[in-house]
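The values are calculated or read from the model by the stated rules, or taken from the named source; none is laboratory data. Nothing here was measured: the structure is a model prediction, and the numbers come from that model. Backbone-built Cβ (ideal geometry, glycine too); neighbour counts: all protein chains shown.
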Amino acid sequence: MAHAHGSLAGKSILITGATSGIGEAAARVFTRRGARVVLVARREDRLKTLVDEIRSAGGQAVQAAGDVRDSEHMARAVALAAEAFGRLDAAFNNAGTVVDRSPLHLVDDSAFDTVMDTNVRGVWNCMRHEIGAMLTTGGGAIVNTSSVAGLVATSAGAPYIASKHAVIGLTKSAAVEYAAQGIRVNAIAPGLVRSEMTTDWYARYPQTKERSAARAPQARMAEPEEAAEAAAWLCSDEASFVTGATLSVDGGATTW
Ligand code: NAP
């Protein structure tokens, strides 16, 4: 059930990577807090199921199935927010991928390209169109999904680690450039989160599982909702003086 007085009440928010994991959880968390959402990911059938679920719970959602690597698609998705809900108040640029954790000299160039195109150019494409729209309506809030791999070198492989450091660079740069125009730009840095990404990863690299979870003082994986809640707060007006920040959501993993 959508809450008219929730922390995101009435806000029009675009979410990428909404077909699974953190983005799917965000679609539910944000709409429960009163947001109206535009959902982006490539698997159209799954987006439709989620949109139907949100609508039957009394929320408002529309889908824009497509690829964050495609700048024209992201232009259309941002335009859809204005068409459906009148404006774009916030965005959670969360779509991402991980391909190969081999030592750097053994990673294929194509794996490097896939990770950088999705995680860095994807966020770039999103932010350019979102900021363009927000400038016409007097401001907004953007949250990009980085990772603990954006803060330290984890076992996720060099392309992923480089891509998530770059997301923090894009976040800080945009925060500085648009602060005076009322746009806040922040990142979240989740630790291990239960999702398709981690399920697939541990099927391929089972030896890394226990070591990774044990790294966090809380010694467990997060549920995707726990990362989505941090993004919801950063999108809300309650975070009005927070910009350029990277919020760790990692059970303490980067603390020691
Ligand atoms: P996930 O379950 O695999 O979800 C990834 C989402 O991104 C899916 O909805 C996927 O949907 C979408 N996506 C991937 N490539 C896309 C593209 N080119 N265009 C549009 N959508 C695309 O993984 P997750 O764990 O929720 O990951 C979400 C974000 O959190 C990622 O940026 C990831 O790097 C980051 N993260 C995850 C963890 C973790 O432990 N799980 C930790 C730190 C950070 P489609 O396949 O339908 O397009």
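A compact table of results
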quantity: Test: residue in the range 138-148 that is more than 10 Å from the ligand (Cβ to nearest atom) and part of a loop (DSSP other than H, G, I, E, B); calculated: yes
quantity: Residue under evaluation A232, criteria (1) farther than 16 Å from L151 by Cα; (2) outside any helix (DSSP H, G or I), criterion not met; calculated: (2)
quantity: Residue list for the range 28-41, filter: more than 14 Å from the ligand (Cβ to nearest atom), buried (at least 24 other Cβ atoms within 10 Å of the Cβ) and either among the basic types (K, R) or in a loop (DSSP other than H, G, I, E, B) (or both); calculated: A35
quantity: Test: residue in the range 192-202 that is away from the ligand (no atom under 11 Å from the Cβ) and either touching a residue at least 24 places away in the same chain (Cβ under 8 Å) or of a type in the set (D, E) (or both); calculated: no
quantity: Counted residues, the range 223-245 - those being within 12 Å of the ligand (Cβ to nearest atom) and under 19 Å from N93 (Cβ atoms); calculated: 7
quantity: Residue list for the range 42-70, filter: surrounded by fewer than 17 Cβ atoms within 10 Å (Cβ to Cβ) and part of a helix (DSSP H, G or I); calculated: E44, D45, K48, T49, D52, E53, R55, S56
quantity: Residue within the range 98-106 that is crowded, with 16+ Cβ neighbours inside 10 Å, within 15 Å of the ligand (Cβ to nearest atom) and within 16 Å of the chain's Cα centre (by Cα) present; calculated: yes
quantity: Pairs where the first residue, in the range 94-119, is more than 14 Å from A166 (Cβ to Cβ) and at pLDDT below 95 and the second is assigned to a helix (DSSP H, G or I) and not acidic (D, E), C-beta under 7 Å, 6+ apart; calculated: V99/A111; V99/T114; V99/V115; V99/P159; D100/A111
quantity: Failed item in (1) touching a residue at least 60 places away in the same chain (Cβ under 8 Å); (2) surrounded by fewer than 17 Cβ atoms within 10 Å (Cβ to Cβ), with A91 passing the rest; calculated: (2)
quantity: Criterion violated by N119 - all others in (1) part of a loop (DSSP other than H, G, I, E, B); (2) closer than 18 Å to I142 by Cβ; (3) under 15 Å from the mean Cα position of the chain (by Cα) satisfied; calculated: (1)
quantity: Failed criterion for S155 (all others in (1) part of a helix (DSSP H, G or I); (2) at pLDDT below 95 hold); calculated: (1)
